[in-house]
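Novice: Before anything else, here's the structure in question.
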Number of protein chains: 2
Amino acid sequence: MEPEKDIRITLIGAGTIGLSFAVFHLSHLPAPSHLAVYDTRANADQYIRDSLPKFFSKDSTSLSRSDVRIATSLHDAVSNADIIQESGPENLQIKQDLWAEVEKHASKDALLWSSTSGIPASQQAQKMQDKTRLLVVHPYNPPHIMPLLELVPSPSTSEAVIQRTQNFWRARNRVPIHIHQETTGFVANRLAFALLREAIHLVDVGVVSVAELDKIVETSMGPRWAVAGPFKSYHAGGGPAGLEGFFNNIGETVQGCWNDAGKVNVGDGWEDKVFAQAREVYGTVDVAERDRITRRLLDVLEEEKGEKTQSDGPSKS
Amino acid sequence: MEPEKDIRITLIGAGTIGLSFAVFHLSHLPAPSHLAVYDTRANADQYIRDSLPKFFSKDSTSLSRSDVRIATSLHDAVSNADIIQESGPENLQIKQDLWAEVEKHASKDALLWSSTSGIPASQQAQKMQDKTRLLVVHPYNPPHIMPLLELVPSPSTSEAVIQRTQNFWRARNRVPIHIHQETTGFVANRLAFALLREAIHLVDVGVVSVAELDKIVETSMGPRWAVAGPFKSYHAGGGPAGLEGFFNNIGETVQGCWNDAGKVNVGDGWEDKVFAQAREVYGTVDVAERDRITRRLLDVLEEEKGEKTQSDGPSKS
């Protein structure tokens with residue numbers, strides 16, 4: 001890979017995720033011309049130039065967005081790139097063909113990243129000659145705001161590629177987490193969907209409404225887990241005996257909740273009630289407002305992390 | 001109930017939860033003498049006066065803690081109280097006997113609250129003459145920091161009692177949520193434990209470590225759900241079609257995660273690995289530091305809520 005200052009990035013696919021990544025990279029590259037975007041839709045050039053500004057908050061960057069390079073062909077898009085990041089349709093065939101084609105034109109040591117939320121790198125790479133360079137780099141939406149990147153390599157991905165990918169994101173104050181197995185849905189979504197399943201159940205049986213359930217999470221787990229994840233929180237909750245103490249104290253209650261947990265499935269019939277409540281209470285969510293407030297919280301957390309790192313000094317705490 | 005300014009509160013049980021509630025009330029009462037604490041342990045007076053200051057952050061209140069009234073008997077504790085809040089041992093027999101005894105000495109319209117995380121009000125009230133006044137007011141730990149209170153009435157609890165309880169907490173900028181059924185574990189813990197179960201599974205099978213899993217939650221769901229709960233988030237994620245659109249788009253992935261979800265149970269054998277990792281990575285958690293940062297986030301959210309309420313004006317948005 002080129003020295004940091006000369007990194008060139010190509011994004012393939014200019015949907016919501018692709019454009020959000022574009023905004024992130026524009027805020028971290030020396031010049032907008034170092035970012036190329038390629039999309040196969042008709043009038044991609046005009047579409048991208050129209051859509052990109054909507055992602056920028058007032059304060060996020062002063063780079064001129066009109067200088068983003070819109071690539072005219074896949075060859076043009078990838079031939080000079082150090083990093084090629086695809087956020088295209090969630091379709092295995094399309095991704096397999098894309099990477100086989102990208103491989104023909106890309107430089108030998110370009111990093112190849114997929115934003116997929118579900119198709120493992122091992123499957124995407126099946127038509128490639130060299131499967132060592134491809135891995136999933138799954139963001140938490142929207143990536144220009146949220147710090148997490150799940151790095152999910154295939155068994156063929158090289159250690160060096162994983163390391164270079166981690167270095168890239170860490171240098172930009174993001175949090176890349178190496179997922180050690182290609183598990184269904186990776187990790188963040190599995191966790192969130194487990195909670196969502198129980199949430200749907202509780203609304204379905206009338207214990208709380210959609211609005212009440214959200215309010216509960218916003219005033220308890222949300223802020224708590226923003227500061228200390230579930231294991232750390234329960235480890236603290238167990239007193240001197242830590243997580244073990246927590247389970248000694250209330251393991252029975254935990255198991256009671258697990259035994260009683262809902263087992264709803266997609267299509268079970270809860271949908272009408274839950275969807276209707278969500279529509280009624282939220283209508284159209286002001287996403288820009290949500291992102292602005294989220295950014296304020298993340299700024300606080302970033303600031304605290306910075307102070308902690310400084311005060312920790314060189315020794316390991 | 002007396003006018004707000006004259007409210008007198010009695011806390012029964014001075015464990016971690018009881019003392020945290022004491023700190024909260026001290027910050028919201030006109031005089032520390034309006035708070036009485038009763039605990040049956042030996043040397044309760046000295047213990048409470050020693051323990052209480054540890055809960056105060058430097059900035060939280062200027063009230064003199066030494067003026068808290070330490071009650072010398074249950075009769076003395078409850079006879080003048082408008083609100084009697086128990087945070088005693090999680091033991092049905094103890095709570096049933098306590099409320100039967102409290103009922104004899106308390107004023108007829110005193111509110112009776114239990115902080116239990118698991119024993120329903122309907123069971124606690126079984127030896128009472130008048131079951132209409134008792135309900136569960138379950139905090140998210142620690143209550144002097146976290147805004148949520150789960151109000152879980154029994155079928156016998158009167159509407160007026162629920163309403164007065166809601167009014168009390170709302171007037172203090174807290175978020176009381178009425179849980180409509182006495183469900184096992186109430187709601188917040190059920191949700192959190194559903195996610196915890198999947199988290200344990202993923203660590204158990206080696207997909208991520210305890211530290212990696214926490215980092216994932218801290219940089220994704222945590223800050224996101226602090227701003228917008230799961231339903232609101234996925235409703236936004238579904239675009240114009242809302243939550244229904246979200247499930248149309250990725251319902252298959254959601255169901256795939258549900259089908260593949262872990263089914264660990266307490267005592268299954270994952271404990272050694274998970275507990276050891278938690279001990280190794282966290283040792284003793286600096287809870288005061290965690291609470292200080294959590295409070296900063298909550299202050300931001302509170303400020304945003306205040307601004308939103310103002311700008312919304314009198315019309316319903």
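Novice: Here are some pairs, A:LYS232/B:LYS263; A:LYS305/B:LYS54; A:LYS95/A:LYS127; B:LYS104/B:LYS131; which of them have Cα atoms lying more than 18 Å apart in this structure?
Specialist: Over 18 Å apart, Cα to Cα: A:LYS232/B:LYS263; A:LYS305/B:LYS54.
Novice: Next question, about the same structure. In whole Å, how far is the Cα centre of segment A:251-265 from that of segment B:198-276?
Specialist: Cα centroid to Cα centroid, the span is 16 Å.
Novice: A further question follows. For segment B:97-151, state which trypsin sites (Lys or Arg not before Pro) are in a DSSP loop and have at most 10 other beta carbons lying within 10 Å of their beta carbon.
Specialist: B:LYS108
Novice: Another question, if that's okay. Along Cα→Cβ, 7 Å out, is where each label goes; now give me the distance between the ones at B:LYS308 and B:GLU252 in nm to one decimal.
Specialist: Between B:LYS308 and B:GLU252, the simple spin-label model gives 3.5 nm.
Novice: How high is the relative contact order of chain B? Use alpha-carbon pairs under 8 Å, at least six apart in sequence, and give a whole percent.
Specialist: Relative CO of chain B lands at 12 percent.
Novice: Now for a separate question. For chain A, set up a GNM with springs between Cα atoms under 10 Å and report which of A:LEU243, A:LEU26, A:LEU74 has the largest fluctuation.
Specialist: The residue that fluctuates most here is A:LEU243.
Novice: Along Cα→Cβ at 7 Å, what distances in nm separate the B:SER79 label point from those on the other copies, shortest first?
Specialist: With the label placed 7 Å along Cα→Cβ, B:SER79 yields 9.5 nm.
Novice: May I pose another question? Between rounded, prolate and oblate, where does the protein assembly as shown land on the alpha carbon gyration tensor, with a ≥ b ≥ c its root eigenvalues, rounded for a/c under 1.5, else prolate if a/b exceeds b/c?
Specialist: Taking the square roots of the gyration eigenvalues as a ≥ b ≥ c, the protein assembly as shown is prolate.
Novice: Across all directions of projection, what mean area in square nanometres is found for the Cα convex hull of segment B:188-283?
Specialist: Across all orientations, segment B:188-283 yields a mean hull projection of 7.1 nm².
Novice: Remind me, relative contact order of segment A:4-178 in percent, using alpha carbon pairs under 8 angstrom and six or more residues apart?
Specialist: Once normalised by length, the contact order is 20 percent.
Novice: Computed FRET efficiency, Cβ-Cβ of B:SER156 and B:ASP76, R0 22 Å: what is it to the nearest 0.05?
Specialist: That pair, B:SER156 with B:ASP76, gives E of 0.20.
Novice: A further question on this structure: Counting only other chains, and only Cβ atoms inside 10 Å, what mean value do you get across the residues of B:278-284?
Specialist: That works out to 5 on average.
Novice: From the helices alone, meaning DSSP H stretches of at least four residues, give me the mean residue ellipticity at 222 nm for chain A, per-run term -39500 (n - 2.57), in deg cm²/dmol to the nearest 500.
Specialist: For chain A, the value works out to -15000 deg cm²/dmol.
Novice: Debye calculation, C-alpha points only, no solvent: report log10 I(q)/I(0) for segment B:89-195 at q = 0.20 Å⁻¹, in the same order as the q values.
Specialist: Reported log10 I(q)/I(0), two decimals: -1.06.
Novice: Between A:ASP67 and the same site in the other copies, what are the distances in nm, shortest first, taking label points 7 Å from Cα along the C-beta direction?
Specialist: Once sorted, the set of distances for A:ASP67 reads 6.4 nm.
Novice: From largest to smallest, what semi-axes in whole angstrom does segment A:4-178 give when each is the square root of 5 times an eigenvalue of its alpha carbon gyration tensor?
Specialist: Semi-axis lengths for segment A:4-178 are 23, 18, 15 Å.
Novice: With every protein chain left in place, what is the accessible area per residue of segment A:4-178 in square angstrom, probe 1.4 Å?
Specialist: Value returned for segment A:4-178: 40 Å² of accessible area per residue.
Novice: For segment B:187-299, what is the accessible area per residue in Å² when the probe is 1.4 Å?
Specialist: On a per-residue basis, segment B:187-299 sits at 35 Å².
Novice: To the nearest whole number, what is the average tally of beta carbon atoms from other chains within 10 Å of the beta carbons of peptide B:235-246?
Specialist: The mean count of partner-chain Cβ atoms within 10 Å per residue comes to 5.
Novice: Using square roots of five times the C-alpha gyration tensor eigenvalues, list the equivalent-ellipsoid semi-axes of segment A:134-221 in whole Å, biggest first.
Specialist: Largest first, segment A:134-221 gives 33, 16, 8 Å.
Novice: Also, quick follow-up: Cα gyration tensor of segment B:263-302, axes a ≥ b ≥ c as square roots of the eigenvalues: rounded (a/c below 1.5), prolate (a/b > b/c) or oblate?
Specialist: Oblate, because a/c is 1.5 or more while a/b does not exceed b/c.
Novice: Still on this model: At 0.36 nm per residue, minus the direct Cα-Cα distance, what do A:HIS180 and A:LYS104 gain on full extension? Give it in nm, one decimal, please.
Specialist: Net length gain for the segment: 24.5 nm.
Novice: Which net charge results when you count Lys and Arg as +1 and Asp and Glu as -1 among the other residues whose beta-carbon is under 12 Å from that of A:ALA100?
Specialist: So the surrounding residues net to 0.
Novice: Report the net charge of residues surrounding B:ILE179, where surrounding means a beta-carbon distance below 11 angstrom and charges are Lys +1, Arg +1, Asp -1, Glu -1.
Specialist: Here the charged neighbours net out to -2.
Novice: Another question about this same structure. Would you pull out the residues with amide H under 5 Å of B:ILE12's amide H, same chain only if 5 or more places away, H placed 1.01 Å from N?
Specialist: Under 5 Å from the amide H of B:ILE12 lie the amide H atoms of B:TYR38, B:GLN85, B:GLU86, B:SER87, each far enough along the sequence or on another chain.
Novice: For A:ASN43 and A:GLU289, compute 0.36 nm times the residue count separating them, minus their Cα-Cα distance, and round to one decimal in nm.
Specialist: Gain on extension, A:ASN43 to A:GLU289, equals 85.6 nm.
Novice: Sort B:GLU103, B:GLU252 by accessible area with a 1.4 Å probe, largest first.
Specialist: Highest to lowest solvent-accessible surface, that is B:GLU252, B:GLU103.
Novice: Something else about it: How would chain B be classified by its alpha-carbon gyration tensor: rounded, prolate or oblate, with rounded meaning a/c under 1.5 and the a/b versus b/c comparison settling the rest?
Specialist: prolate
Novice: In nm, give the distance between the simple-model label positions of B:GLN163 and B:GLN93, each being 7 Å from the Cα along the Cα-to-Cβ direction.
Specialist: Calculated label separation equals 4.0 nm.
Novice: For chains B and A, what's the summed buried accessible area, probe 1.4 Å, to the nearest 100 square angstrom?
Specialist: 10000
Novice: Further question: Along Cα-to-Cβ, 7 Å out, sits the label point; list in nm, shortest first, how far the one on B:PRO240 is from those in the other copies.
Specialist: Sorted ascending, the copy-to-copy spacings read 6.3 nm.
Novice: Could you tell me what percent of the accessible area of chain B is made up of carbon and sulfur, with a 1.4 Å probe and every protein chain present?
Specialist: 49
Novice: Given a 1.4 Å probe and heavy atoms of the protein chains only, how would you sort B:SER79, A:SER20, largest accessible area at the top?
Specialist: B:SER79, A:SER20
Novice: OK, next. How big is the gap, in Å, between the Cα center of segment A:129-169 and the Cα center of segment B:106-174?
Specialist: So the separation of the two Cα centres works out to 49 Å.
The values are calculated or read from the model by the stated rules, or taken from the named source; none is laboratory data. All figures in this text were calculated on a predicted structure; none of them were measured in a lab. Cβ: placed from backbone, ideal geometry, glycine included. Neighbour counts: every protein chain shown. Please note that ligands, DNA and RNA were not included when accessible areas were found on the heavy atoms of the full protein model with its side chains. Shrake-Rupley method; radii C 1.70, N 1.55, O 1.52, S 1.80 Å.
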